[in-house]
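Participant: Following this message is one structure expressed as structure tokens.
We did not get these values from a lab; they are worked out from the coordinates using the rules stated. Everything numeric here is computed off the predicted structure, so don't read it as measured data. Note that each Cβ is placed from the backbone with ideal geometry, even for glycine, and that neighbours are counted across all protein chains shown.
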Amino acid sequence: MTITIIGHGYVGLVTACVFADFGNDVWVIGRSSEKIKKLKQGDPLIYEPGLTELLKKNLKANRLHFTVKYKEAIAASEIIFIAVGTPPKDNGEADLTNVFNVAREITKYLPENKKILTVVACKSTVPVGTNKKIELILKKYKPKNTPIAVASCPEFLREGTAIYDTLNANRVVIGSNSKKAIDLLLKLHQPLNGKKVITDLASAELIKYTSNAMLATKISFANLISFYCEKTGADVEAVLDAVGLDKRIGRIYMNPGLGYGGSCLPKDILALINTGKFLGIDTQFLEGVEKINAQAKENFLNKILKYAPGKKIALWGLSFKPETDDIRFAPSLYLIDNLLKNGFLISAYDPAALDNIKKIYQRKINYCLNPYDCLKNADALIIATEWNEFKQVDLARVKQLMKHPYIFDGRNIFSLDTMKKFKFKYYSYGRQSL
């Protein structure tokens, strides 16, 4: 079938490439002519393993089309996905400006008296009730006698494994009050693995927020236990490994460290808190999750300020997680900002996110092409992202290059036994400091 996706970020572009690979004719609408030109040339604009190859393959097959013009895409499409950003406002509320603007723009190019149903499905993460508002906009402005239905199809992909997660989703959620829309979306999603969950609009919207809130809670819970461990001398990894063996709990996402970042968890927690307050719901629990996440970063920074033997710092890891170049709400930003305020000199390395960091800090920090270059005469090493590259370094060489053998490990990537063997001064989360 012919589909249109409005937005070409992680969600929009990955979804477009996957559906094109299934043989569909896929249009992608963006706002920047410059970015659209790069996409047409096979540049995905973002770092995501396997995406460049999938993009070029479907461009070559002429199944994937990029444009800034709605007219040539909308009229022919059976399904239109909204996949634009919903960033947080200062009060934590999701900014839905782009979503509603797109909905109004769609109506301008729907053909009059079209006999085939057009489904507008929202993939953007939006608060409960948003799709009802989208439906009102579409019905108000669409041409007469043009059948249209609204659906909510939240995404659950993880940056760094986005293609795999799309193809092998745990669940595919389709929320709509229209049976025809549900049937059409089921047909489109049929090749995808994962249980198909059919529900109403409000439930589909809340499923996404609930999932991210639970993941954020597990991370903050692990950090809360790490606070206890540091005060008592317990080992957080031993504690959580044992707790995670309980099948009712599991260890996935229950990892202590610098906390959660990225484009989803921080903003979705804030949006859910904001929605709860609007609905008159006590949001103390979710506020606690967010507070612990902030405390985890603050506690780690205080260790550096207290124990670092000098001001020259090597920083490994800038993206909010490995296998992505995304630095939105990355803990590294918090560290860099505060270390600079305290007069530290920073040499930083990341396998993918250097270009994005340069846009923010420009010449305020030194950028290195490999992890070892950062270490020359460094007083301490800070690890902010758990890239596999860092787990496999030559620790003897690391120690030799540094002025002082101090490591502040924000992701617990090294074992205490290994650190003892190489005689590093080692500070991590919820474990004995060496």
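Participant: For the chain, give the share of DSSP beta bridges that are antiparallel, in percent and rounded to the nearest 5; count only bridges with both residues there.
Facilitator: So the antiparallel bridges amount to about 5 percent of the total.
Participant: Which entries of LYS37/LYS108; LYS297/LYS321; LYS35/LYS364; LYS37/LYS60 show an alpha-carbon separation above 20 angstrom in the structure shown?
Facilitator: Correct reply: LYS37/LYS108; LYS35/LYS364.
Participant: Which entries in the list LYS71/LYS359; LYS40/LYS133; LYS312/LYS423; LYS69/LYS123; LYS56/LYS195; LYS89/LYS303 go over 22 Å, if you measure between the two C-alpha atoms of each?
Facilitator: Checking Cα-Cα distances, LYS71/LYS359; LYS40/LYS133; LYS56/LYS195; LYS89/LYS303 exceed 22 Å.
Participant: Checking the cross-link filter: which aspartates and glutamates have an alpha carbon closer than 16 Å to that of LYS180, excluding same-chain neighbours under 8 positions apart?
Facilitator: Filter leaves GLU78, GLU135, ASP200.
Participant: Give the aspartates and glutamates reachable from LYS403 as a straight Cα distance under 17 Å; neighbours fewer than 8 places away on the same chain don't count.
Facilitator: Excluding near neighbours in sequence, the set is ASP373, ASP379, ASP394.
Participant: Still on this structure: For segment 214-427, calculate the relative contact order in percent as a whole number, restricting contacts to Cα pairs under 8 Å that are 6 or more residues apart.
Facilitator: Relative contact order of segment 214-427: 19 percent.
Participant: What ³J(HN,Hα) values, in whole Hz, does the Karplus curve 6.51 cos²θ - 1.76 cosθ + 1.60 give for segment 295-302 when θ = phi - 60°, with x put for Gly and Pro?
Facilitator: Once θ is set to phi - 60°, the couplings for segment 295-302 become 5, 4, 5, 5, 4, 5, 4, 5 Hz.
Participant: Suppose R0 equals 60 Å; then what is the FRET efficiency for LEU345 and LYS179 from their Cβ-Cβ distance, rounded to the nearest 0.05?
Facilitator: 0.45
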